[in-house]
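Okay, so here's the structure we're looking at.
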């Protein structure tokens, strides 16, 4: 308990202290990064909404075209069922492609939103085993 009294108190830190200045600079950097991250998330959300809206319009236009084509085209008995099945397969493929593109596009936007804008500096690497053995043998570090 007596060692707690010997630890420095907050009153002993001055504004000219280099650690305080580094902490203040780090706080400013973190705040700026958070604001940029928030702006990026807002913009990415707008892009995903626009992507969904554009996809919905594209699918609606394709369905309208298919509806216009289907009643106007008539084939004889051997080909009639083939043409109807072709239309069903075409619509199923269109839905599949659009949904995959939608997932890929939204996934890319969301990965970019999630990407960290600020990474702390990488700590210096410790010398490897071989380097430590050489230092132990020679008694001096390589430069």
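Rounded to the nearest 500, what is the chain's calculated 222 nm mean residue ellipticity when only DSSP H runs of at least 4 contribute -39500 (n - 2.57) each, over all residues? Show your work: numbers first, answer last.
Values: 4 runs with 108 residues, N = 143.
Value at 222 nm, helices only, nearest 500: -27000 deg cm²/dmol.
Can you work out the FRET efficiency for the pair residue 112 and residue 66, with r the C-beta to C-beta distance and R0 = 22 Å, to the nearest 0.05? Don't skip to the end; give the middle numbers.
On the way: r = 35 Å, r/R0 = 1.58.
FRET efficiency, residue 112 to residue 66: 0.05.
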C-alpha long axis of helix 18-72 to longest principal axis of the chain, angle in °
10
Between residue 132 and residue 31, what length comes free when the chain is fully extended (0.36 nm per residue of separation minus the Cα-Cα distance, one decimal in nm)?
32.3 nm
Calculate, in nm to one decimal, what residue 140 and residue 20 gain on full extension: separation in residues at 0.36 nm each, minus their alpha carbon distance.
39.7 nm
Fully extended contour minus Cα-Cα distance, from residue 40 to residue 58, at 0.36 nm per residue:
3.8 nm
Below 8 Å between Cα atoms, with a sequence gap of 6+, how large is the relative contact order for the chain in percent?
33
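Bear in mind these aren't lab numbers, they're just calculated from the coordinates by the rules spelled out. The shown structure was predicted, so the numbers you read here are calculated from the model rather than taken from an experiment. Here Cβ is always computed from backbone atoms with ideal geometry, including for glycine, and neighbour counts include all displayed protein chains.
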